[in-house]
Each structure stands twice: as C-alpha cells, then as structure tokens.
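S.K.: Pasting in a structure now, in structure tokens, and then I'll have a few things to ask.
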Amino acid sequence: MKGVGRPLKELENIFEVICVMADAMECHWEIYQRCKILHRDISTNNILFSGRGSKIKGMLIDFDHAICEDDKDAVRHFKRTGTLPFMSINNLEGGKLEHSLLDDWESLIYILCWVGTYDWKKKDESGERP
C-alpha cells in the first residue's frame with residue numbers, strides 16, 4: 001500500500017513550506033467551523049503534503065486525540081495531549097483552561113517555526129541540501 005503524502009522535511013523551498021502550512025491551517029479551520037472538532041495533537045508528523053510547485057497540497061492527519069466541542073459526553077480532562085515541542089503554553093503548564101481552538105493554532109505557529117529552523121534546509125547552488 002502506497003502512502004498518501006510525504007513528510008514536511010521533504011519540502012524543497014519556502015514557497016512549498018508556505019503553501020503546505022496554509023493548507024494545513026485551512027484544513028484545521030474548515031474542520032473546526034463545520035464540525036467543531038479540535039485536533040489536539042498538531043505536530044510535524046501530522047501534516048503531510050503531495051505534489052510539487054504550484055500543485056503542492058498540504059493535509060492534516062491523525063485525529064486520534066481529537067474531540068468534538070459540541071459533544072457534552074466527551075472526556076474533558078486537563079491532561080496534556082499533543083507532541084511536546086508543539087504544545088501550547090496553556091497545555092504545557094497544565095492550565096485550568098480546556099484545550100481550545102487557540103491551543104491548536106499555537107501549535108501550528110510552533111510547527112512553522114520548527115520547519116523553518118530544523119526540517120527545511122535550502123538547497124545550495126549545486127542543487128544539493130547541506
């Protein structure tokens with residue numbers, strides 16, 4: 001069975017980084033607006049992409065920790081969920097606030113910083129990554 005997408009570390013240029021992250025953010029927003037679902041584990045491993053150049057598309061995957069905000073029976077614990085480097089400050093500190101849309105958006109900002117710093121490396125003049 002062939003995989004659906006490729007990991008963020010395989011992005012080749014800043015245009016691709018921006019497009020893939022924008023698609024992941026749009027996916028998150030649409031799922032929240034239409035279904036009131038919070039992902040609660042947004043990380044570099046949960047954003048994939050397919051295509052290249054102007055046809056590149058990003059996708060958000062792995063909804064194992066997701067909850068529906070409208071589900072009154074959902075487990076509303078304050079236990080930390082997520083991937084450590086991308087958790088919101090509220091989540092890391094074990095805050096008294098439930099996980100919210102803003103916590104997921106904060107994770108997306110941390111991923112953008114991470115990809116720009118660690119996962120994406122600009123090719124040198126020879127076309128090779130350092």
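None of the figures in this text is laboratory data; all of them are computed from the coordinates on show. In this text, all values refer to a predicted model and were calculated from it rather than measured experimentally. Glycine gets a Cβ as well: all are built from the backbone with ideal geometry, and neighbour counts include every protein chain shown.
S.K.: Which residues does a label at CYS68 reach in the stretch 14-34, if reach means a backbone N under 17 Å from a point 7 Å past the Cα toward the Cβ?
M.R.: 30-34
S.K.: Quick check: pseudo-label points 7 Å beyond the Cα along Cα→Cβ at LEU92 and SER50, how many nm apart are they?
M.R.: 3.5
S.K.: In nm, what is the difference between 0.36 nm times the number of residues separating GLU30 and VAL4 and their Cα-Cα distance?
M.R.: 7.3 nm
S.K.: Here is a further query. Of the chymotrypsin sites (Phe, Trp or Tyr not before Pro) in the stretch 1-107, which ones lie in a loop per DSSP and count no more than 14 other C-beta atoms within 10 Å?
M.R.: PHE63, PHE78
S.K.: Take the cross-link list LYS9/LYS36; LYS9/LYS96; LYS2/LYS57; LYS57/LYS96 and give me the ones stretching past 26 Å between alpha-carbons.
M.R.: In this structure, LYS9/LYS36; LYS9/LYS96; LYS57/LYS96 exceed 26 Å between Cα atoms.
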